[in-house]
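Right, one structure below, let's go through it.
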2 protein chains.
Amino acid sequence: MAGIKYNIVKEVGVVSENSSGWTKEINLISWNDRAPKYDIRDWAPGHEKMGKGVTLSADELRELKRILNEMDI
Amino acid sequence: MAGIKYNIVKEVGVVSENSSGWTKEINLISWNDRAPKYDIRDWAPGHEKMGKGVTLSADELRELKRILNEMDI
């Protein structure tokens, strides 16, 4: 993902960390100076590299939260 | 993402749909005949194409749910 400009506006939470130090995180990220969006993605230690992920608006995050709260997990 | 074998074991929920019919969904998906994992990703209408996304184990999904429930959203 070289060349992509991003700014982690807020580190919301770490969902998990694997044995090699990669973390799955939810953050609030501004991509290319655009309005920040929530973002769930894997990161290398120190955020040196990023994996694939998904961005969500606040409305989408609320709906995801609603769905998760209805699930039996 | 041509050539990737996947099976949507369970359609859990639609987080959003945009004006061109693409949906952001949470599903339970088996990739390449492996054990199914939760998956949050964008999909073209009829699941004809998929966008980037993130996979989560059941434990990760529970932790994500816990984080979302602590957030003021």
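Worth a mention:
- Segment B:51-73 and segment B:32-48: distance between their alpha carbon centers, rounded to Å: 16 Å
- Shortest-first distances to equivalent copies, position B:I73, nm, label 7 Å out along Cβ: 1.3
- Trypsin sites (Lys or Arg not before Pro), loop per DSSP, at most 16 other Cβ atoms within 10 Å - longest free stretch of chain B: B:6-33
- Position A:N32, label points 7 Å along Cα→Cβ, spacing to each other copy in nm (shortest first, one decimal): 3.0
- Estimated vicinal HN-Hα couplings, Hz - segment B:51-66 in sequence order (Karplus 6.51, -1.76, 1.60; Gly, Pro = x): x, 6, x, 9, 9, 9, 6, 4, 4, 5, 5, 5, 5, 4, 4, 4
- Take each residue in B:63-70, count the other chain C-beta atoms within 10 Å of its C-beta, and the mean is 6.
- Cα gyration tensor of the protein assembly as shown - equivalent ellipsoid semi-axes, whole Å, descending: 22, 18, 18
- Average beta carbon contacts from partner chains per residue of A:48-60, 10 Å cutoff: 3
- Taking chain A and dividing mean pair separation by its residue count, relative contact order in percent (alpha carbons under 8 Å, at least six apart): 22 percent
- For segment B:1-60, GluC sites (Glu not before Pro) meeting the loop criterion (DSSP other than H, G, I, E, B) and having at most 14 other Cβ atoms within 10 Å: B:E48.
Rule-based calculations on the coordinates, nothing more; no lab input. Keep in mind that this is a model prediction, so the values were computed, not measured. Quick reminder, even Gly has a Cβ in these numbers, built from the backbone with ideal geometry, and neighbours come from all protein chains shown.
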